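To start, the structure itself, in structure tokens.
Each value in this text was obtained by applying a stated rule to the coordinates, not by laboratory testing. As the structure is a computational prediction, the values presented were derived from the model and not from experiment. Cβ placement follows ideal geometry from the backbone for every residue including glycine, while neighbour counts extend to all protein chains displayed.
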Amino acid sequence: MKTPGVASVLGAMVAVQAVVMIGVVTLPVMAPVAAPAFGLPASAAGYFQSCAFVGAAVAALMSGTLATRYGGIRVSQWCCLLTIVGLALPVFVWLPALVLGALLVGAGYGMATPAASLVLAKVTPPGMRGVIFSVKQSAVPLGGAVAG
């Protein structure tokens with residue numbers, strides 16, 4: 001089996017980073033429309049962000065161990081799955097589901113960077129790591145822009 005090149009791996013990791021960032025900012029972007037369904041003011045979007053970043057902080061603590069044990073690609077898949085489930089939960093228009101969704105979206109976001117870094121470290125030549133890892137991180141503002 002042929003080993004994938006740096007460009008294809010970078011493309012996949014950029015996609016993961018963008019997807020999880022889209023998840024983190026989607027509900028706050030939609031807050032003016034979605035918040036009234038929960039009986040909340042649109043300004044409550046900050047609470048969603050706070051819950052998401054609590055989830056990210058907790059998940060980031062475990063992400064290195066998980067990525068080493070299960071592999072960066074598998075953990076990247078989990079990140080996307082957590083983001084999807086986290087964005088689906090608010091459909092129930094129940095405040096605890098919204099909070100759990102925010103925590104799950106945040107967990108996906110918190111684990112994405114360490115997992116992607118592990119994957120990229122295996123295929124990127126040492127002299128190119130700075131550029132490649134910078135390009136990977138540029139997916140975070142890209143995801144935010146897409147969600148906006």
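A few notes on this one:
- Table column - 3J(HN,Hα) (Hz), region 105-121, Karplus curve with 6.51, -1.76, 1.60, x for Gly and Pro: 4, x, 4, x, 5, x, 8, 5, 5, x, 5, 5, 5, 5, 5, 5, 4
- Label corresponding to Cα Rg over 2.2 N^0.38 Å when calculated from the structure given, among [x] 1.18; [y] 1.10; [z] 1.24: [y]
- Computed label-point distance, nm, for sites ALA97 and SER50 using a 7 Å Cα→Cβ extension: 2.4
- Within the chain, helix-based [θ] at 222 nm, where runs of 4 or more DSSP H residues each add -39,500 (n - 2.57), nearest 500: -27500 deg cm²/dmol
- Percent RCO, i.e. relative contact order, over the chain, from Cα pairs under 8 Å lying at least 6 residues apart: 39
- Given their separation in residues at 0.36 nm each and the Cα-Cα distance between them, GLN77 and VAL131 gain 17.1 nm when the chain is fully extended.
- Stretched out straight at 0.36 nm per residue, the stretch from VAL33 to ILE84 would grow longer than its current Cα-Cα span by 16.4 nm.
- 3J(HN,Hα) along region 78-92: 4, 4, 5, 5, 4, 5, 5, 5, x, 7, 7, 4, x, 4, 6 Hz, from the Karplus curve 6.51 cos²θ - 1.76 cosθ + 1.60 with θ = phi - 60°, whole Hz, x for Gly and Pro.
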